[in-house]
1. Compute the signed sum of charges (Lys and Arg +1, Asp and Glu -1) over the other residues within less than 9 Å, Cβ to Cβ, of R167.
2. At 1.4 Å probe size, with every protein chain present, just tell me what the per residue accessible area of the range 93-204 comes to in Å².
3. How high is the relative contact order of the range 116-204, in percent, counting Cα pairs under 8 Å that sit 6 or more residues apart?
4. Output the peptides 191-201, 69-79 sorted from most to least packed, where packing is the average of other Cβ atoms within 10 Å over each peptide's residues.
5. Taking R0 as 25 Å, what FRET efficiency do you get between I130 and S204 from their Cβ-Cβ distance, rounded to the nearest 0.05?
6. When the accessible area of the range 121-163 is split by element with a 1.4 Å probe, what percent falls to carbon and sulfur?
7. Taking H placed 1.01 Å from N in the peptide plane, check which residues at least 5 places from T131 or on another chain put their amide H under 5 Å from its amide H.
8. Would you work out the charge dipole size for the range 91-204 about its Cα centre, treating the Cβ of every Lys and Arg as +1 and the Cβ of every Asp and Glu as -1, and quote it to the nearest 20 debye?
Amino acid sequence: MIRGAETSIAVKDANRRHPNRGVDSMAIERPKHDLRSTVRAGASAKSPPPFRAVGVAALPVEVREYCGLDRIDFADVVSVEGGPSRTAESWARTILGDVPNLPEILIWQVAFRGRLDRRRSRDLVAGWRITHRDDHRISLETPSSVLSLRVIVTAVDKRVESITCVRFDTTRGKVIWKVIEPLHGFAVPRMVAKGLASATREDS
């Protein structure tokens, strides 16, 4: 999940939004020009920017149960509110796209020793295989020899969440993810913001 906008976007401290979760999350300070940067990154000026919570404690209990991993070494949740009513699959395709781009393909092949399927298919989202889908949740996975990674998109009412769960299966996987994670943390909130803006335009 590497796509993102070129400009900066404000990411709220998840502890302020979810004080009861006890999340040990990474907070990114809101810039003074956050309204302009949010609009440039693709989010609607009327919609709050995405916020990101990092850590297994950030995961809802039900996500830990259905992510399909017996151990979770890294997790984050990127959430946004105010979007139009859509299925989780529709949101996943709006945020991630139907097929992977070249940087995503190369990162999976070179860094993670895996692959993203390049076909356009109803059983794939941006090269990820769909393992579960209903109106409110879609779960995605793709093979790798160094780590196991799940992407889950949920859509309930006007709230959309993009959830990433990772298990390190090798030392290489742990080291590579440590290098990739800042890029992941930079890109995913921007992808969610652009997806929100796109869905809002299409449904307006």
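The values are calculated or read from the model by the stated rules, or taken from the named source; none is laboratory data. As the structure is a prediction and not an experimental result, all values here were calculated from the model. As a convention, Cβ positions derive from the backbone with ideal geometry for all residues, glycine included, and neighbour counts pool all protein chains shown. For accessibility, only protein heavy atoms count, side chains too; no ligands or nucleic acids. Shrake-Rupley method; radii C 1.70, N 1.55, O 1.52, S 1.80 Å.
1. Net charge in that neighbourhood comes out at -1.
2. Per-residue value: 47 Å².
3. With pairs under 8 Å counted, the relative contact order is 15 percent.
4. 191-201, 69-79
5. So, using R0 = 25 Å, E works out to roughly 0.35.
6. 48 percent
7. Correct list: S139, L140, E141.
8. 320 debye
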